[in-house]
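Enquirer: Please see the structure below; I have some questions.
The values are calculated or read from the model by the stated rules, or taken from the named source; none is laboratory data. This one's a predicted model, so the numbers in the text were calculated from it and none came from an experiment. Don't worry about glycine lacking a Cβ; one is built from the backbone with ideal geometry, like all the others, and counts go over all protein chains shown. Accessible surface is based on the protein model in full, side chains and every heavy atom, while ligands, DNA and RNA are left aside. Shrake-Rupley method; radii C 1.70, N 1.55, O 1.52, S 1.80 Å.
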Amino acid sequence: MFTQETAPVEGLDRSSKLAALVRLLDDASPVVRGAITLELSSYGPGLETDLRNLANQPDETGWRLLTEITAPVYRRRLRLAWPYWMNLPEDGARLERALTRLAEFQNGPRWRPPLGQSLDLLAGEYLGREGVKSPEGLARFLFHEKEMQCVRNGPPLSGHSNLAEVIESGRGLPVSLVCIYILVGARAGLDIQACNWPRHFLARYRDGSGLFIVDPANGGAVTDAETFLSMQGTSREAAEAVLSFEVDAATIVARILGNLVRAYRSENDEEGCLLAVDLLRDIESRMRDGAPC
């Protein structure tokens, strides 16, 4: 994985010590792996930045091993931080906080810009453009100009539910794209809501002309509600009820966690799957009991 000769760890400064630990990833022995795990766990929240600043970056095998080694630390951090988003007073803030915590966990030791910062940059770029700002214009910006697309081939991966990674790659599940659309829209002063459509998540908004539906799985296509409902045939009445139902942050986060359960199962990540199941059950229990979430 690395051609450099393995360096001793003791007596080095923080950066040199981390570089030496990364080189030691080549040694797969349980004793060395245990020592690396112990050392990396002492780095705390700054590990991602420290790794980013290394002169010699790990290759993909190295990143995979680093993620495996540090996974217990990030799972523990997520469990400790998770409940606090439920206590925020505003639903949009609850959604962003929950998705930020999930992104931090999924990023693990690999540095990515904080989710809020990435959303700010997208909103700033959109607001800096000429013309009237509208939900339809934002849909064109995100799904055409920025080329954010719904993944279509192969099984969904856990990264498709990580908003930080979705913004970076431009590929995600419909509910992930809807969340980005909603959160960027909020920064632009646009009232965009989620629609829990049975097949995949949609977004909706109202303007002076009525209700409109945005489908991220279809390139962000915008359709007026009447046209959309006319395509539902005998299911029109049920579809109308779904479109009118308000979807809160807890429902959206539960959908994302359900996607993560399936993705981690297909990736044979048992611990990740169990964590997502636990978080999902907690939300579902709170929703049944009418508790804040």
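Enquirer: Residues that are out of contact with any Phe, Trp or Tyr (no Cβ under 9 Å at 6 or more places or on another chain) and surrounded by fewer than 19 Cβ atoms within 10 Å (Cβ to Cβ): list the helices (runs of 4 or more DSSP H) wholly contained in the range 12-112 that include at least 3 such residues. Walk me through how you get there before you give the answer.
Expert: Working: elements: 14-23, 30-41, 47-52, 60-81, 91-107.
Qualifying helices (runs of 4 or more DSSP H): 14-23, 30-41, 60-81.
So that you can scan it fast, the table gives a plain yes or no per residue for (1) at pLDDT 95 or above; (2) farther than 19 Å from residue 273 by Cβ:
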position: 57; (1), (2): no, yes
position: 61; (1), (2): no, yes
position: 67; (1), (2): no, no
position: 90; (1), (2): yes, yes
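Enquirer: Further question: Are any residues in the range 240-256 without any contact (Cβ under 8 Å) to a residue 60 or more places away in the chain and under 28 Å from the mean Cα position of the chain (by Cα), and if so, which ones?
Expert: Going through the range 240-256, the residues without any contact (Cβ under 8 Å) to a residue 60 or more places away in the chain turn out to be 240-247, 251, 254.
Of everything in the range 240-256, those that are without any contact (Cβ under 8 Å) to a residue 60 or more places away in the chain and under 28 Å from the mean Cα position of the chain (by Cα) turn out to be 242, 243, 244, 245, 246, 247, 251, 254.
Enquirer: Listed residues 65, 25, 54, 38; which is among the aliphatic types (A, V, I, L, M) and out of contact with any helix residue (DSSP H, G or I) (no Cβ under 7 Å at 6 or more places or on another chain)?
Expert: On the way: 65 fails: out of contact with any helix residue (DSSP H, G or I) (no Cβ under 7 Å at 6 or more places or on another chain); 25 fails: out of contact with any helix residue (DSSP H, G or I) (no Cβ under 7 Å at 6 or more places or on another chain); 54 fails: out of contact with any helix residue (DSSP H, G or I) (no Cβ under 7 Å at 6 or more places or on another chain).
When all the criteria are applied, what remains is 38.
Enquirer: Of all residues in the range 116-152 being of a type outside the set (Asp, Glu), open to solvent by 70 Å² or more (accessible area, probe 1.4 Å) and assigned to a helix (DSSP H, G or I), which is farthest from residue 212 (Cα to Cα)?
Expert: In the first step, residues of the range 116-152 are kept if they are of a type outside the set (Asp, Glu); the result is 116-119, 121-124, 126-129, 131-135, 137-144, 146, 148-152.
From what is left, the residues that are open to solvent by 70 Å² or more (accessible area, probe 1.4 Å) are 117, 121, 127, 129, 132, 140, 144, 146, 149, 152.
Those left that are additionally assigned to a helix (DSSP H, G or I): 117, 121, 127, 140, 144.
Values: 117: 29, 121: 26, 127: 22, 140: 14, 144: 18 Å.
Filtering the range 116-152 for residues that are of a type outside the set (Asp, Glu), open to solvent by 70 Å² or more (accessible area, probe 1.4 Å) and assigned to a helix (DSSP H, G or I), the one farthest from residue 212 (Cα to Cα) comes out as 117.
Enquirer: Does the range 257-290 hold any residues that are touching a residue at least 24 places away in the same chain (Cβ under 8 Å) and open to solvent by less than 50 Å² (accessible area, probe 1.4 Å), and which are they?
Expert: Once the filter is applied, which keeps residues that are touching a residue at least 24 places away in the same chain (Cβ under 8 Å) and open to solvent by less than 50 Å² (accessible area, probe 1.4 Å), the range 257-290 yields 257, 259, 260, 263, 264, 272, 275, 279, 280, 283.
Enquirer: Going by the structure shown, is residue 204 in contact with a strand residue (DSSP E or B) (Cβ under 8 Å, 6 or more places away or on another chain) and either of a type in the set (Phe, Trp, Tyr) or open to solvent by less than 40 Å² (accessible area, probe 1.4 Å) (or both)?
Expert: Values: in contact with a strand residue (DSSP E or B) (Cβ under 8 Å, 6 or more places away or on another chain): yes; either of a type in the set (Phe, Trp, Tyr) or open to solvent by less than 40 Å² (accessible area, probe 1.4 Å) (or both): yes.
When the stated conditions are applied, residue 204 passes them.
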